[in-house]
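To keep things clear, I will list the structure first and then write my remarks on it.
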Protein chains: 2
Amino acid sequence: MKLSDKVINRLTLYHNILIGYIEKGVSYISSPKIAALLDIDASQVRKDLKLLNNDGICKVGYPVEELKKSIEKFMGFVKTKEAFIVGAGNLGMALAKYDNFELYGFTIKALFDNDPLKVGVSINNKQVFHISNLDDMAKHSNVQIAILTVPRQAAQKIADFLVNAGIKYIWNFSPCVIEVPPAIRVWNENLIGNFLQFTINHEQ
Amino acid sequence: MKLSDKVINRLTLYHNILIGYIEKGVSYISSPKIAALLDIDASQVRKDLKLLNNDGICKVGYPVEELKKSIEKFMGFVKTKEAFIVGAGNLGMALAKYDNFELYGFTIKALFDNDPLKVGVSINNKQVFHISNLDDMAKHSNVQIAILTVPRQAAQKIADFLVNAGIKYIWNFSPCVIEVPPAIRVWNENLIGNFLQFTINHEQ
């Protein structure tokens with residue numbers, strides 16, 4: 001089954017909410033409550049959760065722990081994906097510290113940079129290596145995903161290098177569009193576009 | 001006119017491509033070229049650019065400079081929006097350094113943190129203030145947007161504080177869903193959801 005981007009986005013947000021409820025020790029959550037937190041329709045929430053074969057209990061709501069596990073199973077979080085972060089500046093460091101990734105079966109194996117001052121540093125138990133080690137490490141680890149957090153000016157050159165090293169998926173945080181061979185998948189994390197969607201459609 | 005999220009996203013990516021072409025000194029770009037860079041249909045590109053009343057010249061393509069200006073005008077980048085970054089950790093610092101925001105009329109006025117070691121530091125000509133100054137600075141500057149980059153555990157408490165300070169729009173990068181009064185708009189920057197859209201639908 002192919003899931004739409006909007007469904008994936010909402011299921012991940014429901015999952016975030018459930019984690020918060022588990023932390024607070026709350027056992028049940030209703031669809032209107034989830035809907036209110038995300039400013040969407042409760043019928044939409046119920047429709048999404050039907051995909052998981054999960055039904056709420058009348059007047060009590062959905063059991064929080066079970067629903068969290070259903071989402072994890074449904075979205076395949078169990079299958080671990082491994083990635084390198086390329087560019088150990090502030091953004092790369094922030095992503096290396098983002099523990100939430102691991103909840104989704106997404107593991108950062110190492111960071112890479114060309115700055116000798118950064119090489120050897122550890123962030124959140126992940127080490128920064130010199131970029132010249134990437135080729136060898138990619139080939140010996142089967143890591144196929146690279147998170148690109150280098151400055152705009154370096155992005156294309158580093159993307160070419162990643163492709164040569166056997167990287168198949170690039171999650172591009174650099175604010176520029178990179179050119180890659182057709183077999184390589186690029187996801188442009190278009191931060192400013194995301195925000196403009198928000199501001200343009202909710203005009204101040 | 002209400003623009004769909006997908007149109008806004010694509011127009012911002014076209015804009016990124018055009019900036020790269022201007023830097024390289026290229027004067028024209030064709031719709032198949034834009035389409036190939038983003039792995040979408042050329043007919044989609046032409047349809048989007050029709051919205052701007054911009055026509056390509058047969059066999060030459062679109063004039064890069066003009067097209068860039070049309071997108072800026074169409075999307076209202078000229079109207080400046082001002083924001084505070086709340087949380088001067090790696091992610092807050094990365095966003096403060098993200099010069100591309102200014103291209104879209106989006107200006108970061110200041111950062112806030114509760115760590116005394118960070119207060120007084122400047123990043124990209126933007127100063128870090130103690131969080132206790134935010135209320136006063138929000139009221140004296142008419143800044144209505146806050147970019148929330150605090151740890152998950154602090155997010156709700158800081159969101160409450162921002163609402164009391166008169167902030168109307170919260171761009172939430174913390175991996176948790178925050179509760180706010182109905183008049184406040186929240187955009188959840190769901191990084192992991194964005195990435196799952198990419199990996200789930202392009203199965204490895």
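The values are calculated or read from the model by the stated rules, or taken from the named source; none is laboratory data. Keep in mind it's a predicted model, so treat the numbers as computed, not measured. Cβ sites come from the backbone with ideal geometry, for glycine too, and all protein chains shown count toward neighbours. Accessible surface is based on the protein model in full, side chains and every heavy atom, while ligands, DNA and RNA are left aside. Shrake-Rupley method; radii C 1.70, N 1.55, O 1.52, S 1.80 Å.
Which count do you get for residues in segment A:1-42 that are assigned to a helix (DSSP H, G or I) and either of a type in the set (S, T, N, Q) or more than 20 Å from A:TYR104 (Cβ to Cβ) (or both)?
Residues in segment A:1-42 being assigned to a helix (DSSP H, G or I) and either of a type in the set (S, T, N, Q) or more than 20 Å from A:TYR104 (Cβ to Cβ) (or both): 10 in total.
Restricting to segment A:44-56, and then to whatever is open to solvent by 30 Å² or more (accessible area, probe 1.4 Å) and touching a residue at least 12 places away in the same chain (Cβ under 8 Å), can you tell me which residue is farthest from the chain's Cα centre (by Cα)?
A:GLY56
Residue by residue through segment B:137-158, note down the ones that are open to solvent by less than 60 Å² (accessible area, probe 1.4 Å), touching a residue at least 60 places away in the same chain (Cβ under 8 Å) and over 26 Å from A:ASN100 (Cα atoms).
B:VAL143
Go through the residues of segment A:103-116 one by one and say whether even a single one is among the basic types (Lys, Arg) and open to solvent by less than 70 Å² (accessible area, probe 1.4 Å). If you could, list the steps in order and put the result at the bottom.
Step one: of segment A:103-116, the residues among the basic types (Lys, Arg) are A:109.
Within this subset, residues satisfying the condition of being open to solvent by less than 70 Å² (accessible area, probe 1.4 Å) are none.
So far as segment A:103-116 goes, no, none of its residues is among the basic types (Lys, Arg) and open to solvent by less than 70 Å² (accessible area, probe 1.4 Å).
Of all residues in segment A:72-92, which are under 15 Å from the mean Cα position of the chain (by Cα) and in a helix (DSSP H, G or I)? Write out each step before concluding.
The initial filter retains those residues of segment A:72-92 that are under 15 Å from the mean Cα position of the chain (by Cα), namely A:72, A:75-85, A:91-92.
Matches in segment A:72-92: A:GLU72, A:LEU91, A:GLY92.
I'd like to check something: does segment A:159-168 contain any residue that is among the basic types (Lys, Arg) and either open to solvent by less than 30 Å² (accessible area, probe 1.4 Å) or within 10 Å of chain B (Cβ to nearest Cβ) (or both)?
yes
Of all residues being more than 7 Å from chain B (Cβ to nearest Cβ), charged (D, E, K, R) and touching a residue at least 24 places away in the same chain (Cβ under 8 Å) in segment A:61-106, which is farthest from B:PRO151 (Cα to Cα)? Just the residue, please.
A:LYS79
Of the conditions (1) aliphatic (A, V, I, L, M); (2) more than 8 Å from chain A (Cβ to nearest Cβ); (3) touching a Gly at 6+ places or on another chain (Cβ under 9 Å), B:VAL177 satisfies every one except a single condition; which number is it?
The failed condition is (2).
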